[in-house]
Amino acid sequence: MEKTKLEILLVEDEDAHVELIQRSFQSQGSGMSLTALSNLQDAKNYLNKSIPDMVIADFLLPDGKGTELLDANKERLPYPAIVMTSYGNEGIAVDAVKSGALDYIVKSTEIFADMPHICERALREWNHIVKQKQAEDELQYQKEFSESLINSSADGVFAFDLHYCFTIWNPIMERITGMSNADVVGKHATDGNSRFGF
């Protein structure tokens, strides 16, 4: 079975730039399929119906900024995005990254020719980011699950770290001792002349 090509959405209103980028993908046989659109609205319509593997967007488009394609979902953007501009500008770079772009590049003939490699690097980086986020989400889930079990236990449960500072003090321990979680967690077991009874 033939591997499906990666779908790249290019949002660029300069026909000459689109042609140079298309040629670079064709000449390098990158295994990527390029869809080119020339304005923000068409790109938004496209993204409402389909999620590409990557978005490359010009910063300035006839009907707005390319970063508008990222703003709504920057916390959970479902695809990596590269923002392009004709002029190197630190303010634009900061704007692009804050909006959720993975990379920011200044247009040039050399950059257009190297676009397949730029996309490959960006996709590798994106995969690392996605895996890291998945691992963080799993750790958060495990933490919340453990806390739920501890807090719903019918027994008093407490724990402390290697320095004997309390890390866990469940509701039953609060009831038994009359000391709240906020009063205990983070405190050393011998604080207050052994008021914890240890």
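The values are calculated or read from the model by the stated rules, or taken from the named source; none is laboratory data. Keep in mind that this is a model prediction, so the values were computed, not measured. Cβ sites come from the backbone with ideal geometry, for glycine too, and all protein chains shown count toward neighbours.
Check off (1) surrounded by 15 or more Cβ atoms within 10 Å (Cβ to Cβ); (2) assigned to a helix (DSSP H, G or I) for ASP13 and give me the number that stays unchecked. In the conditions (1) surrounded by 15 or more Cβ atoms within 10 Å (Cβ to Cβ); (2) assigned to a helix (DSSP H, G or I), ASP13 misses (2) alone. Checked against (1) within 23 Å of GLN26 (Cβ to Cβ); (2) part of a loop (DSSP other than H, G, I, E, B), ALA57 passes all but a single condition, namely (2). Only one residue in LYS131, LYS107 is of a type outside the set (A, V, I, L, M) and free of Cβ contacts under 8 Å to residues at least 12 places away in the same chain, so which one is that? Residue meeting the stated conditions: LYS131. Residues in the stretch 46-59 that are surrounded by fewer than 14 Cβ atoms within 10 Å (Cβ to Cβ) and touching a strand residue (DSSP E or B) at 6+ places or on another chain (Cβ under 9 Å) were compared, and the one that is farthest from GLU110 (Cα to Cα) is SER50. Residues in the stretch 71-91 that are over 14 Å from ALA122 (Cβ atoms) and outside any loop (DSSP other than H, G, I, E, B) were compared, and the one that is modelled with the lowest pLDDT is LYS74. Just the residues that are among the polar types (S, T, N, Q) and within 21 Å of the chain's Cα centre (by Cα), please, taken from the stretch 85-101. Within the stretch 85-101, just SER99 meets the criteria. Being within 20 Å of VAL11 (Cβ to Cβ) and either of a type outside the set (Val, Ile, Thr) or out of contact with any helix residue (DSSP H, G or I) (no Cβ under 7 Å at 6 or more places or on another chain) (or both) is a condition met by no residue of the stretch 137-145. Among the residues of the stretch 165-184, is any assigned by TED's automatic domain parsing to the domain that holds ILE56 and more than 30 Å from GLN26 (Cβ to Cβ)? Looking for residues that are assigned by TED's automatic domain parsing to the domain that holds ILE56 and more than 30 Å from GLN26 (Cβ to Cβ), one finds none in the stretch 165-184, hence no. Of everything listed in (1) touching a residue at least 24 places away in the same chain (Cβ under 8 Å); (2) hydroxyl-bearing (Ser, Thr, Tyr); (3) surrounded by fewer than 18 Cβ atoms within 10 Å (Cβ to Cβ); (4) in a helix (DSSP H, G or I), the single unmet condition for SER24 is (3).
Screening ILE105 with (1) loosely packed, with under 11 Cβ neighbours inside 10 Å; (2) within 30 Å of ALA16 (Cβ to Cβ); (3) not basic (Lys, Arg) gives one miss only, at (1).
Here is a yes/no grid of residues against (1) within 30 Å of ILE21 (Cβ to Cβ); (2) in contact with a Lys or Arg (Cβ under 8 Å, 6 or more places away or on another chain); (3) at pLDDT 90 or above:
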{"position": "ARG124", "(1), (2), (3)": "yes, no, yes"}
{"position": "VAL130", "(1), (2), (3)": "yes, no, no"}
{"position": "ALA135", "(1), (2), (3)": "no, no, yes"}
{"position": "GLU138", "(1), (2), (3)": "no, no, yes"}
{"position": "GLU144", "(1), (2), (3)": "no, no, yes"}
{"position": "SER148", "(1), (2), (3)": "no, no, yes"}
{"position": "SER153", "(1), (2), (3)": "no, no, yes"}
{"position": "ASP161", "(1), (2), (3)": "no, no, yes"}
{"position": "PHE198", "(1), (2), (3)": "no, no, no"}
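Of all the residues in the stretch 103-153, those that are part of a loop (DSSP other than H, G, I, E, B) and in contact with a Leu (Cβ under 9 Å, 6 or more places away or on another chain) number 0. Of note, THR67 does not satisfy the criterion of being surrounded by fewer than 16 Cβ atoms within 10 Å (Cβ to Cβ), assigned by TED's automatic domain parsing to the domain that holds ASP15 and either hydroxyl-bearing (Ser, Thr, Tyr) or in contact with a helix residue (DSSP H, G or I) (Cβ under 7 Å, 6 or more places away or on another chain) (or both).
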